[in-house]
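Asks: Below is a structure I'd like to ask you about.
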Amino acid sequence: MKSMKLYLEGPGRERRPVKVVSTERKSLKTVSDLPLRGAKSVGMDDTVEVKTLVDEDGNLAQQIDYEGFRYKFQGSQLPWSLIVG
């Protein structure tokens with residue numbers, strides 16, 4: 001079985017291979033600034049996994065949504081989308 005590859009796709013459809021550096025479970029009370037897409041109802045006692053990814057150049061990208069598909073690199077305001085291949 002082949003291993004999964006992760007990519008972040010950003011502006012101009014640029015794709016960067018990335019790896020997971022850390023995964024933390026955080027209370028929604030501490031990450032209430034993450035946008036919630038869709039009509040999903042989330043209780044305030046729930047937790048969410050927040051991942052940090054790193055590209056080949058060592059740039060860190062922090063998860064910015066509850067679902068784990070949107071990220072921002074440090075020092076940038078542009079969102080990138082996670083692609084699993």
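The values are calculated or read from the model by the stated rules, or taken from the named source; none is laboratory data. Computed from a prediction, not measured in an experiment: that's the story for all the values here. Glycine gets a Cβ as well: all are built from the backbone with ideal geometry, and neighbour counts include every protein chain shown.
Asks: Name the residues in the range 17-38 that are polar (S, T, N, Q) and either modelled with pLDDT of 65 or more or within 14 Å of the chain's Cα centre (by Cα) (or both), would you? If you could, list the steps in order and put the result at the bottom.
Replies: Quick first cut of the range 17-38, residues polar (S, T, N, Q) only: 22-23, 27, 30, 32.
Across the range 17-38, the qualifying residues are S22, T23, S27.
Asks: Filter the range 54-77 down to residues that are among the hydroxyl-bearing types (S, T, Y) and more than 15 Å from R15 (Cα to Cα) and give me whichever is surrounded by the fewest Cβ atoms within 10 Å (Cβ to Cβ).
Replies: Going through the range 54-77, the residues among the hydroxyl-bearing types (S, T, Y) turn out to be 66, 71, 76.
Then keep just the ones that are more than 15 Å from R15 (Cα to Cα); that gives 66, 76.
Numbers: Y66: 20, S76: 13.
Filtering first and then ranking leaves S76.
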